[in-house]
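Enquirer: To start, I am sharing the structure in question, which I have written as structure tokens.
The values are calculated or read from the model by the stated rules, or taken from the named source; none is laboratory data. It should be emphasised that the depicted structure is a prediction, and the values quoted were computed from it without experimental measurement. FYI the Cβ positions are ideal-geometry reconstructions off the backbone, even for glycines, and counts take in every protein chain you see. These area figures cover heavy atoms from the full protein model, side chains too; ligands, DNA and RNA do not enter into them. Shrake-Rupley method; radii C 1.70, N 1.55, O 1.52, S 1.80 Å.
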Amino acid sequence: MPDKPLKRTELFIKARALDALLALSGGRPPYDLRPLRVGPADKLLFVRLHRIGDSLVTTPLLKAVKDQTGAQVHVLADRRNHFVFRTLPFVDAVHLYRGGLRGMAAVRRLCRRGGYTAIIDTHDQVSATVSFMVALSGIPARLGLSRDNDRLFTHVVPRLDPATTHVMDRIMRLAELLSIAPRAGHVNVHYPL
């Protein structure tokens, strides 16, 4: 288990770096209010790091995107959750983020060389690491929930109130940015047993 003072120091440094990134990015951009139209020729990179449970609640979005658009669904995951996505038939590729500056440089290369139409931050809370990935990606369309870092995105959708809305429903809001209307009653976790 990591040393708690070192972890607190790391989180403090990441938070200050994110503050600097947001300050340098200026005011809020003029968001593109039109949903993206994606189809089989498009490649989409969904970012989901960290916890297994959070990965599982992202699966309804991934399945809806694949089923309704036919686009290539790629997931950027880390060592703690990549196996969740590797077993899903509606995920075309899983890329492993290894952490640190080398890992961030590898993600930047992936984004710049991957031919992606959009990068989608599927995190419900602001992640400094993911914010830097989005900002440095070079991908023309950057989608996410409206939060404190939303100036990094080209397309945002309002984040629903966590006190009254399940995290799966909050994440499914991202589908609206891709012209997808989730089918009522079909928002379920997908994982083969």
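Enquirer: Looking for something outside any helix (DSSP H, G or I), more than 16 Å from the chain's Cα centre (by Cα) and modelled with pLDDT under 95 - is there at least one such residue anywhere in the range 52-74?
Expert: No, there is no match, as no residue in the range 52-74 is outside any helix (DSSP H, G or I), more than 16 Å from the chain's Cα centre (by Cα) and modelled with pLDDT under 95.
Enquirer: Sticking with this structure for a sec: Tally the residues that are out of contact with any strand residue (DSSP E or B) (no Cβ under 7 Å at 6 or more places or on another chain) and open to solvent by less than 40 Å² (accessible area, probe 1.4 Å), restricting the search to the range 59-79.
Expert: Count: 6.
Enquirer: With the requirement that a residue be within 14 Å of the chain's Cα centre (by Cα) and over 20 Å from PRO140 (Cα atoms), what does the range 155-166 give you?
Expert: As a first pass, look at the range 155-166 and keep what is within 14 Å of the chain's Cα centre (by Cα): 155-157, 159.
The one that is within 14 Å of the chain's Cα centre (by Cα) and over 20 Å from PRO140 (Cα atoms): ARG159.
Enquirer: Of ALA41, ALA20, which residue is open to solvent by 30 Å² or more (accessible area, probe 1.4 Å), modelled with pLDDT of 95 or more and more than 18 Å from the chain's Cα centre (by Cα)? Walk me through it before giving the result.
Expert: On the way: ALA20 fails: modelled with pLDDT of 95 or more.
The unique qualifying residue is ALA41.
Enquirer: Looking at (1) in contact with a helix residue (DSSP H, G or I) (Cβ under 8 Å, 6 or more places away or on another chain); (2) more than 19 Å from GLN72 (Cα to Cα), which is the only condition ALA106 fails?
Expert: Looking at each condition in turn, ALA106 falls short on (1).
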